[in-house]
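Report on the structure given below.
The values are calculated or read from the model by the stated rules, or taken from the named source; none is laboratory data. This structure is a prediction, so every number in the text was calculated from the model and none was measured. Note: ideal-geometry Cβ built from the backbone for every residue, glycine included; neighbour counts use all protein chains shown. Side chains included, ligands, DNA and RNA excluded: accessible areas come from the protein's heavy atoms. Shrake-Rupley method; radii C 1.70, N 1.55, O 1.52, S 1.80 Å.
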Amino acid sequence: MLVIRQYEREKALAYAKRYAFSQNPIFGNFRGIGGNCTNFVSQCLYAGSCQMNYTKTFGWYYISMEERAPAWTGVEYFYNFLTENNGLGPFGRVAEADECEIGDVIQLGRNEDGYYHTLLIVGFEGDDILVAAQTDDAFNRPLSSYDYDYSRFIKIVGVRFAVPSSLDCFLSVYDGIAIIQGADYNAAEVPQPNANGDAANPGSPEGA
């Protein structure tokens, strides 16, 4: 039996703020071999969900550069997983721009290329949306500054778990220690991010 937990948007924001301009050592970097944008946003979603889906081919997981789901790093696969996922892990739906919150996802497309870029929403400024991304590293960059022909918005609805759990992977992932499901960390030790995306008591200085 699967249970649904809330997607913790402030943890996704805290992770994005820390790593938008640096590399978390526990994840690979795909710059120059297809781009790192979806890999980065997947990391942010994992920080806010702490549940991967290890279904071969159609799941969403990262173990190593060589052992990962297509949805972890591929723009279209990522979209398909989130909008069609009925199993473990985060799930979402296509949404209008005005439905979106911090921690939701935008994908940009060009007429000649299709969808090519994945962004995480990290704030709002007037009528503009602020995003974080990698490959072209950014945090609090206005969506209006991008050159694209069309876009789609994915609202993260929740996270499915096999059993309810109070354990949390956030501290381990945030500090670049290990990719875990939370078994070695007590939830009471997890730094709780504030509304600005700053984690209280981070284990090491924020990356530049």
(message) Out of everything in the stretch 178-190 that is touching an Asp or Glu at 6+ places or on another chain (Cβ under 9 Å) and surrounded by 16 or more Cβ atoms within 10 Å (Cβ to Cβ), what residue ends up being modelled with the highest pLDDT?
(response) 182
(request) With the checklist (1) touching a residue at least 60 places away in the same chain (Cβ under 8 Å); (2) touching a Leu at 6+ places or on another chain (Cβ under 6 Å); (3) over 21 Å from residue 135 (Cα atoms) in hand, flag the one item residue 53 doesn't pass. (result) (1)
(request) Looking only at the stretch 132-158, count how many residues are closer than 18 Å to residue 90 by Cβ and buried (at least 22 other Cβ atoms within 10 Å of the Cβ). (result) 3
(message) Of all residues being of a type in the set (A, V, I, L, M) and open to solvent by 70 Å² or more (accessible area, probe 1.4 Å) in the stretch 29-70, which is farthest from the chain's Cα centre (by Cα)? Just the residue, please.
(response) 33
(message) Among the numbered criteria (1) outside any strand (DSSP E or B); (2) of a type in the set (D, E, K, R); (3) without any contact (Cβ under 8 Å) to a residue 12 or more places away in the chain, which one does residue 76 miss?
(response) (3)
(message) Can you go through 9, 18, 5 and tell me which one is touching a helix residue (DSSP H, G or I) at 6+ places or on another chain (Cβ under 7 Å) and open to solvent by 20 Å² or more (accessible area, probe 1.4 Å)?
(response) 9
(message) With the requirement that a residue be surrounded by 13 or more Cβ atoms within 10 Å (Cβ to Cβ), among the hydrophobic types (A, V, I, L, M, F, W, C) and either within 17 Å of the chain's Cα centre (by Cα) or part of a strand (DSSP E or B) (or both), what does the stretch 92-119 give you?
(response) 95, 100, 102, 105, 106, 108, 119
(message) I'm trying to understand the selection: among the residues of the stretch 124-159, which are among the aromatic types (Phe, Trp, Tyr) and outside any loop (DSSP other than H, G, I, E, B)?
(response) 124, 139, 150, 153
